[in-house]
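What follows is a set of notes on a single structure, which appears directly below.
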Amino acid sequence: MLIESEFTFDAPREVVFDGLMDPKILAGALPGTDRLDLNGEDRYEGEMEASVGPVTAARFSVVVELKEKVRPESFDMHVDGKGKAGFVNGIAHVELEEKGGGTLMKYRADLQVGGRVASVGQRLLDSVGKAMSKQGLEAVSRSLAEGMAPAAQGAGAEVAAASRAALPAQRRARLRLYLVVAILLALVLVLLL
Amino acid sequence: MNPHTAAPPEATATGRPSRIGASPRRNEDRRLLTGEALFVDDVHLDGMLHAAFVRSDYAHGILKGVDLSAALGHPGVVAAYAAHDLGEYWEPGPLLVPPPPIDGLEFRSARQVPLARDKVRHVGEPIAVVVARSRYEAEDAAALVEVDLEPLGAVSDLERALEPDAPRIHEHFESNLAAHVVQRKGDWEQARARAHRVIKRQFLYDRGASAPMENRGVVANWDARSRELTVWDTTQAPIPIRNGLAAMLGLPQSEVRVIAPFIGGGFGPKIMMFYPEEVLLPWISMRLGRPVKWIEDRQESFFATTQERGQLHEAEIAVDEEGRVLGVRDDFLCDTGAYNPYGLTIPINTQCTLLGPYRVPNYHSEFRMVFTNKPIVTPVRGAGRQHGVFVMERLLDRAADELGIDRVEIRRRNYLTPDEFPHNHEIIYQDFAPLIYDSGNYAEALDRAVEMIDYAGFASGEQATARAEGRHVGIGVVSYVEGTGVGPYEGARVTIEPGGRINLVTGVGTQGQGHFTSFAQLVAEELGVEAADVEVVTGDTARFGWGTGTFASRGAVVAGNACHAAAVAVRRKVLALASSVLKAAEEDLELADGLVRVVGTGASVSLGDLAARANPLRGAVTPGTEPGLEATAYFGPERGVTASGVHAMILEVDPDTAQVRILRYVVVHDCGRVINPMIVEGQIHGGVAHGIGNSFYEQLVFDEGAQLQNASFMDYLIPTATDVPRIETAHIETPSPLNPLGVKGVGEAGAIPVGALFAQALEDALDIDGFEIREMPLSPNRLFELIRDARKEGPSC
Amino acid sequence: MGETLTIRLTVNGEAYERSVEPRLLLSDFLRHELHLTGTHVGCEHGVCGACTVLVNGESVRSCLMFAVQADGAEIATVEGLAKPADGSGIPHPDDADLHPIQAAFREAHGLQCGFCTPGILMTLVPFLRDHPRPDEEQIRATLSGHLCRCTGYQNIVKAVQLAAERMAR
């Protein structure tokens, strides 16, 4: 299945790229993450338990590897997620283009889906995939904004200026997590089916 | 008034309400209507445990390990097993249907296993089983089983599977080719050379799931103290299951009882035998010393129950200028899924049924059966006949078009005539015997059908009117022959009890086709009682232990004739005994109303009294006599009998939306002598509905990775009451000379020609130059695409 | 077994009180807790209609409901349609003890394997109550909420027409 979309960040490309590349992780920063470890360069392994509203506890394990990095333009994300109700694996290709003072991120993911996700969830995969990706990326965007406005805290802070300040390590790690989870959360709803 | 008569009798031509040819109300209905009827999931035993299976999410992979520890620790869980726990019990299932004796045949056998051990080869293949206090807990724990599986590339497409670099599903075979078979008659090359016209086409015919409303299920109970294993199973073949389980478990057959109670529809896959669940549940019960139940849920059924799928055909027909068939050549690929325990039944049926009611002097039919990473393929109502009928009927339609001959006329010209029977087609059928048609009158059925649907008046009448209004209506007429009633044999036992009750027991099971009534009619006819007076037991190996099962439209033919033979034997005993009791010659006696009467006088004795006399508690009997009024008889036909039929349809299609509406549907059917017309019609209605489903609504959609994408009724569409039209039926009876009753089978008939009929009628309705339908199923989407492409590109080839 | 809740409900006029897990489906409760196995389960996702029962007089797919949602409700299942047996085990002549809809199904051959039948019967009870003179189109529209693999629906339609005719008298 193909997920193709775009998203605009109010931050320059280098900031976005670096933010997504930084390897420090705070596993406890994201609700539902039991474990998310960096295992070798550009390789994340984790265990997550996802809840959507009153429906709780779909556990899945995930391995994400980053490849073909071209700063600040593009990289590939190899994803392998397995849950009790199915699996998802595939490759997401991410491209960053300058747009105004910000960054237009285009991503295209070609995913193989199997198990219960595939056999009863077909009609949801597309729309949920897009909706959750967008949600996740908006969270990423907010974090970027937070990182860039040193005094800003919490959601909703607007980006003040196109500062090229490097983000704090924990911010960058969290961004990557959001992106990883954004794509995977796209399928969480149907993993729960 | 007989207290067992539940309904007022209906009059028939002979005045006897429930004889052969009448339609008495069904004996089984009360229990079904009141909810009393026992289905497998209704079985409840004290201390019963529940099983849930862990199934592969991957279509192809190496199984590295299974970790049951978390599952075993879950509350309520009593046991969990993977392949290594089965020890010596683990073995692949038997080859159910060996290949027939055809020269040059290549066949590679691969059978399913109880739990995957080294590899998984299709999505849904069982890997482990968890047993717990409730199904809910068993499923909770099943989710905790850790499966370490290394995915391999999966193959879904038939042609791709045969490519040299395709993933190999069974490593000990050099490719995914499961079988290669050629059957020949006459000399095709010569026929082709001298033909006036040769027409070649490629066809794709896909089928689907059987989807009975009741899923599969097994309850197994090993009672160590009485040394009896009882298994309730949604099987169409209780006796072979009993025999197989006894052998596998090392038990004498007498200690194993398999009961097929009321079954909620079979349609074929419930005669696939030695499914993993059937083989495991009894073993688990013996190990745990407790009853265990497994009931399939609907989503599971799309993987765990066998299904029928597609064939890709390349076919040629050679005709003379009159449209007479000189020969046919057909090469095809057929999908068997990950294993092929059912042998070559489906493609052999395709090869044989292609010939239809036609004279085909030269024939070359060649198929390759292909392994794919999908669930196992075994017969579903029609069992490969649909594919053959589609090819032949479409080729005839093309020939009719090219030669400017009417579609009905070209069929009539090629029909075998009644004086050409028995007609030997020389190729081998699924019962391992040469395909010999025993009887039939194809032209009469055709005439009747075209008359009922007013074929002659359609083009200039209804169709012309519709066209003038901008509507697209079309008509189709197709015909087929179906080999039914194949051996090996079935048996039955009839007993008259003191008190007058009559029992009939037979080894076959029943899945809704009315055996409790139609078989009772056969006995009622011989013994002079009502069908309601005959208590029928089917599908319980403790009551009758010899036979094979319900499949291939053989119940009425084979089991029915056994019931008849047993009743005839009991009748003879009744007459002999009554003759001495009433002191009258046997020729002067008649059986009616539960009595034996001396014609002319008033003297009579009831069957119940006779039965009591036949089993005295004191006194002497003549040496060599058997006690009671009971007889067991078997019937094994020398070969199958050929039923046939013609279907005709008028439909309307909207070329802009591709929505289709069936306006009329006519079936003229020949199943020989009809035992119960109401039941026969019901079978035809159900078959046609299934055929409509396969033509326009149902399709199992697998992606390239052999993942099934529509494993639920939300997305796998079964036709509803608004999709199935009223079906008008008529019968022709050409009694078969191959069995005493003259009956032929009818269970699958309704489903067989529907795809070919849809294609023909749609082409007629759309009337787009060069537009051809060469695939099944269609759907509104697919039909829309085909219409759009035809309109854009003009004539296609 | 997780937490349980106590529910009280009546089924076919008889009162029951049970402790059940919140996630127990009403279909499973009726079949396996109360052993009223006449209601069948065909799909567990609300498409086939085999599990249809009446909840407070209206037809409901019991596989899409939890037993705890039926607390305080009056349920009717197929077992309650026929008049109570007089205990003799001998069926009434003329099917007089059956509900007219059941008797009509028998007469018209509206069932073959019988698995989908109880659900259809329960849908027909309120349907014929609210539409005593339905035409074929209405009947087929109502039946389209039920899947039957055996009959092709034709004789089911006939049975409904026969039942309507008889019940209108």
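The values are calculated or read from the model by the stated rules, or taken from the named source; none is laboratory data. Keep in mind that what you see is a predicted model, and the values were worked out from it rather than measured. Here Cβ is always computed from backbone atoms with ideal geometry, including for glycine, and neighbour counts include all displayed protein chains.
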Exercise for the section: Could you please let me know if C:THR77 is under 27 Å from C:GLN154 (Cβ atoms) and either away from every other protein chain (no Cβ under 11 Å) or out of contact with any helix residue (DSSP H, G or I) (no Cβ under 8 Å at 6 or more places or on another chain) (or both)? Expected result: no
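Checking the structure you have, find out if any residue of segment B:279-295 is within 20 Å of the chain's Cα centre (by Cα) and among the basic types (Lys, Arg). Steps first, answer last, please.
First, pick out the residues of segment B:279-295 that are within 20 Å of the chain's Cα centre (by Cα): none.
Within segment B:279-295, none of the residues are within 20 Å of the chain's Cα centre (by Cα) and among the basic types (Lys, Arg).
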Problem - So B:GLY686, is it closer than 30 Å to B:ILE436 by Cβ and touching a Pro at 6+ places or on another chain (Cβ under 8 Å) - result: no
Handout entry: Positions within segment A:51-76 being under 20 Å from A:LEU2 (Cα atoms) and at pLDDT below 85, in sequence order
Key = A:VAL62, A:VAL64
Problem - Close pairs (9 angstrom Cβ cut-off, 6 or more residues apart or separate chains): at positive phi in segment B:29-43, of a type in the set (D, E, K, R) anywhere - result: B:GLY35/C:GLU79
Fill in the blank from the handout: Given the conditions (1) in a loop (DSSP other than H, G, I, E, B); (2) more than 22 Å from B:SER553 (Cα to Cα); (3) among the basic types (Lys, Arg), every one holds for B:ARG368 apart from (1)
Fill in the blank from the handout: Looking across segment B:189-228 at residues that are over 30 Å from B:ALA689 (Cα atoms) and crowded, with 22+ Cβ neighbours inside 10 Å, the single one that is nearest to the other protein chains (Cβ to nearest Cβ) is B:VAL219
Handout entry: Test for B:TYR697: is it surrounded by fewer than 20 Cβ atoms within 10 Å (Cβ to Cβ) and in contact with a Leu (Cβ under 6 Å, 6 or more places away or on another chain)
Key = yes
Handout entry: Residues satisfying the stated conditions in segment C:92-141, i.e. surrounded by fewer than 20 Cβ atoms within 10 Å (Cβ to Cβ), within 23 Å of B:ARG25 (Cα to Cα), within 9 Å of chain B (Cβ to nearest Cβ) and not charged (D, E, K, R)
Key = C:HIS92, C:PRO93
Practice task
State whether one or more residues within segment B:691-701 are among the hydrophobic types (A, V, I, L, M, F, W, C), under 22 Å from B:VAL478 (Cβ atoms) and facing chain C (nearest Cβ under 10 Å).
Solution key: yes
Exercise for the section: Report, by residue number, each residue of segment B:150-174 that is at the interface with another protein chain (Cβ under 10 Å from one of its Cβ atoms) and farther than 19 Å from B:ALA304 by Cα. Expected result: B:PRO151
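Could you pull out every one of the strands (runs of 3 or more DSSP E) wholly within segment C:37-132 that has 1 or more residues that are charged (D, E, K, R)? Don't jump to the end; show me each part of the working.
Values: elements: C:52-55, C:58-61, C:74-76.
Because the criterion is at least 1 residues that are charged (D, E, K, R), the strands (runs of 3 or more DSSP E) in segment C:37-132 that meet it are C:58-61, C:74-76.
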Practice task
Look through segment B:595-641, keep the residues that are at pLDDT 95 or above and within 37 Å of the chain's Cα centre (by Cα), and return whichever of them is farthest from B:PRO735 (Cα to Cα).
Solution key: B:LEU629
Exercise for the section: Return the residue satisfying two criteria in turn: it lies in segment B:40-67 and is surrounded by 22 or more Cβ atoms within 10 Å (Cβ to Cβ) and part of a loop (DSSP other than H, G, I, E, B), and of such residues it is farthest from the other protein chains (Cβ to nearest Cβ). Expected result: B:HIS60
Practice task
Looking only at segment B:118-141, decide whether some residue is within 33 Å of the chain's Cα centre (by Cα) and closer than 30 Å to B:ARG394 by Cα.
Solution key: no
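I need the full set of residues from segment B:732-764 which are charged (D, E, K, R), more than 14 Å from chain C (Cβ to nearest Cβ) and crowded, with 24+ Cβ neighbours inside 10 Å, in order please.
In the first step, residues of segment B:732-764 are kept if they are charged (D, E, K, R); the result is B:733, B:744, B:748, B:763-764.
With more than 14 Å from chain C (Cβ to nearest Cβ) added as a condition, the list becomes B:733, B:744, B:763-764.
Within segment B:732-764, just B:LYS744 meets the criteria.
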Fill in the blank from the handout: Scanning segment B:435-465 residue by residue, those crowded, with 18+ Cβ neighbours inside 10 Å, of a type in the set (Gly, Ala, Ser) and within 29 Å of B:ALA658 (Cβ to Cβ) turn out to be B:ALA449
Handout entry: Members of segment A:9-44 found to be modelled with pLDDT under 85 and of a type in the set (Asp, Glu), listed by number
Key = A:ASP18, A:ASP22, A:ASP34, A:ASP37, A:GLU41, A:ASP42
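If you go through segment B:112-166 one residue at a time, how many are of a type in the set (Lys, Arg) and crowded, with 23+ Cβ neighbours inside 10 Å? Give the steps one after another, and end with the answer.
Of segment B:112-166, the ones of a type in the set (Lys, Arg) are B:117, B:119, B:121, B:133, B:135, B:160.
With the extra rule that they be crowded, with 23+ Cβ neighbours inside 10 Å, the set shrinks to B:121.
Residues meeting the conditions: 1.
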Practice task
Please list, ordered by first then second residue, the pairs with beta carbon atoms under 8 Å, 6 or more apart or interchain, first in segment C:155-166 and under 21 Å from B:THR720 (Cα atoms) and within 13 Å of chain B (Cβ to nearest Cβ), second crowded, with 20+ Cβ neighbours inside 10 Å and of a type in the set (Phe, Trp, Tyr).
Solution key: C:ILE156/C:PHE105; C:ALA159/C:PHE105; C:ALA163/C:PHE105
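Pick out the one residue from B:ALA37, B:ALA13, B:ALA79 that is within 27 Å of C:THR117 (Cβ to Cβ), of a type in the set (Gly, Ala, Ser) and either loosely packed, with under 13 Cβ neighbours inside 10 Å or modelled with pLDDT of 95 or more (or both). Spell out how you get there, then give the answer.
Numbers: B:ALA13 fails: within 27 Å of C:THR117 (Cβ to Cβ); B:ALA79 fails: within 27 Å of C:THR117 (Cβ to Cβ).
The conditions single out B:ALA37.
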Problem - Checking C:ARG23 against (1) surrounded by 14 or more Cβ atoms within 10 Å (Cβ to Cβ); (2) modelled with pLDDT of 95 or more; (3) closer than 14 Å to C:CYS63 by Cα, the condition it does not meet - result: (1)
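Matching residues to (1) more than 30 Å from C:GLN154 (Cα to Cα); (2) in contact with a Pro (Cβ under 6 Å, 6 or more places away or on another chain); (3) touching a residue at least 40 places away in the same chain (Cβ under 8 Å):
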site: B:VAL605; (1), (2), (3): yes, no, no
site: B:THR642; (1), (2), (3): no, no, yes
site: B:MET649; (1), (2), (3): no, no, yes
site: B:PRO655; (1), (2), (3): no, no, yes
site: B:ARG661; (1), (2), (3): no, no, no
site: B:HIS669; (1), (2), (3): no, no, yes
Fill in the blank from the handout: Every listed condition ((1) part of a helix (DSSP H, G or I); (2) surrounded by fewer than 21 Cβ atoms within 10 Å (Cβ to Cβ); (3) at pLDDT 95 or above) holds for B:GLU772 save (1)
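Quick one: which residue in B:VAL508, B:VAL477, B:VAL494 is of a type outside the set (Gly, Ala, Ser), crowded, with 17+ Cβ neighbours inside 10 Å and modelled with pLDDT under 95? Give the derivation first.
Working: B:VAL477 fails: modelled with pLDDT under 95; B:VAL494 fails: modelled with pLDDT under 95.
Just one listed residue meets the conditions, B:VAL508.
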Problem - Residue, surrounded by the most Cβ atoms within 10 Å (Cβ to Cβ), within segment B:276-326, restricted to residues that are of a type in the set (Ser, Thr, Tyr) and within 30 Å of B:THR372 (Cβ to Cβ) - result: B:THR305
Completion exercise
Those residues of segment B:400-428 that are in contact with a helix residue (DSSP H, G or I) (Cβ under 6 Å, 6 or more places away or on another chain) and crowded, with 24+ Cβ neighbours inside 10 Å come to a total of 0
Completion exercise
Note on B:GLU785: of the conditions (1) out of contact with any helix residue (DSSP H, G or I) (no Cβ under 9 Å at 6 or more places or on another chain); (2) surrounded by fewer than 24 Cβ atoms within 10 Å (Cβ to Cβ); (3) in contact (Cβ under 8 Å) with a residue 60 or more places away in the chain, unmet is (3)
Handout entry: Tabulated pairs, segment B:196-208, first farther than 30 Å from B:ILE376 by Cβ, second among the small types (Gly, Ala, Ser) and at pLDDT 95 or above, C-beta under 6 angstrom, 6+ apart or interchain
Key = B:VAL198/B:ALA318; B:ILE199/B:ALA399
